Every structure is written in C-alpha cells, then in structure tokens.
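Worksheet: the structure to be examined is printed underneath.
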Amino acid sequence: MSMTISQKILAKKAGLDSVVPGQLIMAKLDIVLSNDITGPVAINEFEKAGFDSVFDKNKIALVMDHFTPNKDIKAAQQCKQCREFADKHNITHFYDTGEVGIEHALLPEKGIVAPGDLIIGADSHTCTYGALGAFSTGMGSTDIAGGMATGEAWFKVPESIRFNLTGVLNKNVSGKDVILHIIGKIGVDGALYQSMEFGGEGLKSLSIFDRLTITNMAIEAGGKNGIFEIDEITLDYLKTTIGDKREYQVYTPDPDAKYIKTYDIDLSQIKPTVAFPHLPSNTKTVDEIETMNGGEGVKIDQVVIGSCTNGWLSDMEIAAKILKGKKVAKGVRCIVFPSTQKIFLECIRLGYAEIFVEAGCVFNTPTCGPCLGGHSGILAEGERCVATTNRNFVGRMGHPKSEVYLASTAVAAHSALCGKITI
C-alpha cells in the first residue's frame, strides 16, 4: 500500500506493514520531551499514576527554557521539581541554566533527533523536528507522563497535504516568509490534524534553518506535524550534529502516495511577509504595509529577534549585517536572544554580540521568555512589537491590548532601525 513519509514512520513505529489515515495505532517513541512549564504537570501525572521508573533514561529530554533563569518563586519551584525528577531517574538529556537552549533548537543541535524518529513533546512547536525527517508533534502533559513511563503513545494516523516547492528565494526572503505565505494562503485551520509534507526542486533554495522555521510553524496552520523530504542539505547538517553516533532511517513518499490536497508553491514569487495581529494567517507583504496610513506605514515600539523559530546562527548573522554600524531607532527597544548557548557563544566569537550592543540592542541568553509574554520583554498596553517568534494571539507577549507582528529576521532588523515595519 502506498504511503506518505509520515505514514511510513508511524507504520514502522507501530510494527505494521502499512497504515491508513484515520487508523488508531499504538507506536513506540524515540524521544519524549518536556520543559519547565509542562514538565511539572507531566511529573505530577506520572507519580499520580503510580509509575516509579521511566522507560529509557536516554530517550527523555527535560529542557528548562521557558522561565529561566528563574523569573520568580513559582518558576524556581517548577525547575526544582524537574531537576529532582531528572536526578531521581538519571535522565541523560536534562538541560538547565548555563547549558540550556530553547528546546526546539537545542535537540537538533545536540543530535538528539534524527530522520525516521517518532517524537512527542509537551509543547505545540515540537513539530520543528520534521525538518530533519522525523515525525514530531505536540501532546498534552498527561500523554507525556504515559510516554515517559511506557515509551509508547496512541496516534490517529493523519491525512497528508503535499507542498511542492519550486523556484528560488529572492533576496531578503527566507523560510519565515515561506511559512507565513502558506499560512496566509490556507488559514490557521487549513491543515487541521494533517501532516504538512514538503518536497520538490525548491528544497535546494532552503537552508536547514529555513526548513526548521517552516516546520516549527506547521502547528500555526493547525497541522499535526510538518515534515521535509531528506536531501543532501539535510544530510550535511546531520553530519555536524549526529555524525556516526547513531543510525537512522530515511523515508521517502511513495510515487503514488495519497494526499488530501496538493499545493504548488513558487518560492520566487514570495515577498517579505508579515502576519498582523492577532492571527498568523493575517498576512500582508511589506510593500503593502509601507503604503498604509497614508504612506506612514506601521510604527513600532519593540523588536524581538530570536526564539525557537528564528534564533539560529544564520539569523544572528542576518541581523548583525543589517545592524552593523547603525543605531536602533529612538523610542524602539530591540531584544536579541540566540536560541542556544552554543549560538550565543558563536555570536561573541564572531563579533555579532558587539554589533548588537553598539546598535543599542539588548543581547540576552537563550529563553522562551519574550515569545510567550513570560519575561524579558513584556509589552505594555497599546505597544506594537515586530517579532521573529511564531505566534501573535491576543496578549501573547504581554498586555491584551498590545500587538504582535510576526516577521523574518531581515524585516525585524530593518524595522528596528527605522521605527516602523520595513525591509
């Protein structure tokens, strides 16, 4: 029976020859992930159910990334609970302040995720790892508790949508623009509980970090997961992270695989794109934005560059090139935070940190804080922020009457200099 990439991975992990959309399966897990917000809930459920051991200490990841360094007493208690659980069960992949990174950047960097893996995480953006050919998806903390104990989870096999990519990206256009364009096209429920599968000749134009950004935001279209076909770009990246430390299996879709929909996306036609409040699907191109309000455009108060979506070293390089020798506009706060400690250190070594500070930016350690309105960049009433993050719902980054505009790193950095949305 013909299958898509996602269906092949699920069939393999369920020990079946094939699966079909809608089928309920029990599948074996390769990684179970949680963080300092969702981890304590999962641990409580784990202990409430009477479990006294984890299925595999090497296949659980606990990453203290949301409210660390601890922002208050509650955050400190949550991290303490995760720390004690990790110590009790000798969890290999426990990452705390000083060695932490934003989970969805840290796991690929550490070589913890690989093609053909089945990964669940108590965070909606767990779908990031599909850029590396894994089936990865977010689940609730109760499911995570069961996964930590048994190494298995129930799945309903999703239908798949095919995105055939052609063409080459233009200057100042990146993976962030691609996924915002797609979400603007199909809507926030356009891929509801479906697998978003990306392939085609256009892959050659997308770096691995473009792809990680795209799959990270599959959930913003309602997707169960996002997944890319593996090519030389993927394999070259995996040589730097996994090397020969472990084996993995590369899956490709069957030529006659069944897709519920197919979209043809010409990358050369995509322009710098911004998602307006309060949905990732509320998109406009920058050239449209610049003519708004009688040519005044959209003025801003804050810029955030970083997160699990756009905190890669390539993003830091883009921002540094734009900001070098210039100053952030008067009245605008610009916060830059790389997604891992390794990237943070590279920014120092390469001189990016100096460029950011001299431009008037705040250069922060890795954290999810600004993205979810947790700490390190809360918005006040009426303030507008251009952010390279992944979500712009009401109150996402602070006050319910603040506004978040999602954009690429290039748009964010140029906007920081001009005080309004531009490229």
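Residues of segment 31-55 that are assigned to a loop (DSSP other than H, G, I, E, B) and crowded, with 23+ Cβ neighbours inside 10 Å: D36 alone. Restricting V274, V328 to residues that are within 26 Å of the chain's Cα centre (by Cα) and open to solvent by less than 60 Å² (accessible area, probe 1.4 Å) narrows the list to V274.
Of all residues in segment 221-256, those that are among the hydrophobic types (A, V, I, L, M, F, W, C), part of a loop (DSSP other than H, G, I, E, B) and surrounded by fewer than 18 Cβ atoms within 10 Å (Cβ to Cβ) total 1. All of (1) under 30 Å from Y129 (Cα atoms); (2) open to solvent by less than 20 Å² (accessible area, probe 1.4 Å); (3) in contact (Cβ under 8 Å) with a residue 12 or more places away in the chain hold for G297 with one exception: (1). Applying the condition of being assigned to a loop (DSSP other than H, G, I, E, B) and open to solvent by less than 10 Å² (accessible area, probe 1.4 Å) to segment 374-408 and asking which residue is modelled with the lowest pLDDT yields M397. Scanning segment 137-158 for residues that are in a strand (DSSP E or B) and either touching a Lys or Arg at 6+ places or on another chain (Cβ under 8 Å) or free of Cβ contacts under 8 Å to residues at least 12 places away in the same chain (or both) gives T137, E152. Among the residues of segment 1-30, the ones that are open to solvent by less than 10 Å² (accessible area, probe 1.4 Å), out of contact with any helix residue (DSSP H, G or I) (no Cβ under 6 Å at 6 or more places or on another chain) and among the aliphatic types (A, V, I, L, M) come to 4 in all. Against the test of being of a type in the set (V, I, T), modelled with pLDDT under 95 and surrounded by fewer than 20 Cβ atoms within 10 Å (Cβ to Cβ), the options T150, T97, T166 yield a single qualifying residue, T97.
For segment 340-352, the condition holds for no residue, the condition being that it is in contact (Cβ under 8 Å) with a residue 60 or more places away in the chain, closer than 24 Å to L107 by Cβ, crowded, with 19+ Cβ neighbours inside 10 Å and among the basic types (K, R).
The values are calculated or read from the model by the stated rules, or taken from the named source; none is laboratory data. Quick caveat, the model's predicted, so the values are computed rather than measured. Please note: Cβ atoms are built from the backbone with ideal geometry, for glycine as well, and neighbour counts cover all protein chains shown. Heads up: the accessible areas ignore ligands, DNA and RNA and are worked out on the full protein's heavy atoms, side chains in. Shrake-Rupley method; radii C 1.70, N 1.55, O 1.52, S 1.80 Å.
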